[in-house]
Amino acid sequence: MQTTIEKLLGSIIHPELEQDLVSGGLVEHIAASEAAITITLRFPKTRDPFAVKIKNQAEQLLQEHFPAAKVLVMVKEGAAQKRPEPKQHTTTGDITKVIAVASGKGGVGKSTVAANLAVALSLLGFRVGLLDADIYGPSQPKMFGVEGYLPDAEQVDGVDLIVPAESMGIKIMSIGFFIRPTDALLWRGAMAVNAMKQMIHQTKWGALDFLICDLPPGTGDIHLSIIGELKVDAAVIVSTPQQVAVADVVRGVEMFRNEKVMIPVAGVVENMAWFTPEELPENRYYLFGKGGARKVAEEYGVPFLGEIPIVQSIMEGGDAGQPASAIDPRVEEWYRSIADKLVGTVMKNG
Ligand code: ADP
């Protein structure tokens, strides 16, 4: 499959370089499975006038040859290893997009959504990292079955880097690797901020298409300090349909829109949207009300990315160290649709 893809890409000529995409070195990354083909093209010149045309041409050609696969061609510009300058600091490695997952309040499933979104993006063929910054309840190690992981340090060019855990092809770094659940909250706050800084700047991520950052719940100082350290490209806000939770979505949107923050909100996910009992698969019970998060997204002009019902496998997957989108096809489908929309909005924003 890889060879066919390369052959196809090798048939597309860049008119100005007078070379095909492969020999011209424009193909940075190919991720291919029966279900999804994701190609990253890198154009050395920024604002290459042929980029869009070539992207469309490649997508069309690949789609014709692999009609069953979901084809996506991503375009990067400029020399590799160069991220757009963050507001204040850099992260290590070559990360295309950093997406923060936030929620107005705890318990709405923010961490679960972050984990499943990471899995869905990875299944689409992207290289994904997950940064668990939820200092109040880091749950990613448990969700990915890497609890107790002790990060190693590795020297690269004289700098100490921290090696992330890896599960299901996703690189995972969690504040939970550095603090104990029994640490007092006050102490934890101070320690956590320092540990966060190290995690942000010293993790050996390597090249990633997406880094998903699981923020702590709420909108507070800790968010500002994380956002100040890490250049976040877009935010996803998770809510349940409950009125109290929906009201907090507004606060989340306002936080990201604040002039000192200015991070585009890529969308809202409504979690626990309804409940369907196994024995009545056609029935939907709207335990927390109906469509509240969708409505508030519309009111605030923020994309609505999708809804996820209450499903036993989601809860069990989280407890068993394997997010449900990796094991339950229904859940995978819901999250794939959310991931698709997210990729669409984030890439459109450049
Ligand atoms: P938060 O990060 O917002 O505090 P979590 O992601 O830790 O919330 O989720 C809280 C609990 O709800 C967890 O036990 C999780 O497994 C469960 N949960 C989250 N979303 C769902 C869902 N759609 N269906 C069933 N259980 C869910």
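The values are calculated or read from the model by the stated rules, or taken from the named source; none is laboratory data. This is a predicted model, so every value here is computed, not measured. So basically every Cβ, Gly included, is an ideal-geometry build from the backbone, and we count neighbours across all protein chains shown.
For Val238, the test of being under 20 Å from Glu332 (Cβ atoms), touching a helix residue (DSSP H, G or I) at 6+ places or on another chain (Cβ under 7 Å) and touching a residue at least 12 places away in the same chain (Cβ under 8 Å) is passed. One residue stands out in segment 302-329 among those that are more than 10 Å from the ligand (Cβ to nearest atom) and touching a strand residue (DSSP E or B) at 6+ places or on another chain (Cβ under 9 Å): the one that is nearest to Arg257 (Cα to Cα), namely Val302.
In segment 177-185, is there at least one residue being surrounded by 15 or more Cβ atoms within 10 Å (Cβ to Cβ), modelled with pLDDT of 90 or more and within 24 Å of Asp94 (Cα to Cα)?
The answer is yes; a qualifying residue exists.
Of the residues making up segment 277-318, those that are among the basic types (Lys, Arg) and surrounded by fewer than 18 Cβ atoms within 10 Å (Cβ to Cβ) are Arg284, Lys290, Lys295.
The residue that is farthest from the ligand (Cβ to nearest atom), among those in segment 261-276 that are crowded, with 19+ Cβ neighbours inside 10 Å and at positive phi, is Gly267.
The strands (runs of 3 or more DSSP E) falling completely within segment 98-182 that include 1 or more residues that are within 12 Å of the ligand (Cβ to nearest atom) map to 128-132.
Identify, please: which residue in segment 193-226 is of a type in the set (D, E, K, R) and over 15 Å from the mean Cα position of the chain (by Cα) and is, among those, farthest from the ligand (Cβ to nearest atom)?
By that ranking, first place goes to Lys204.
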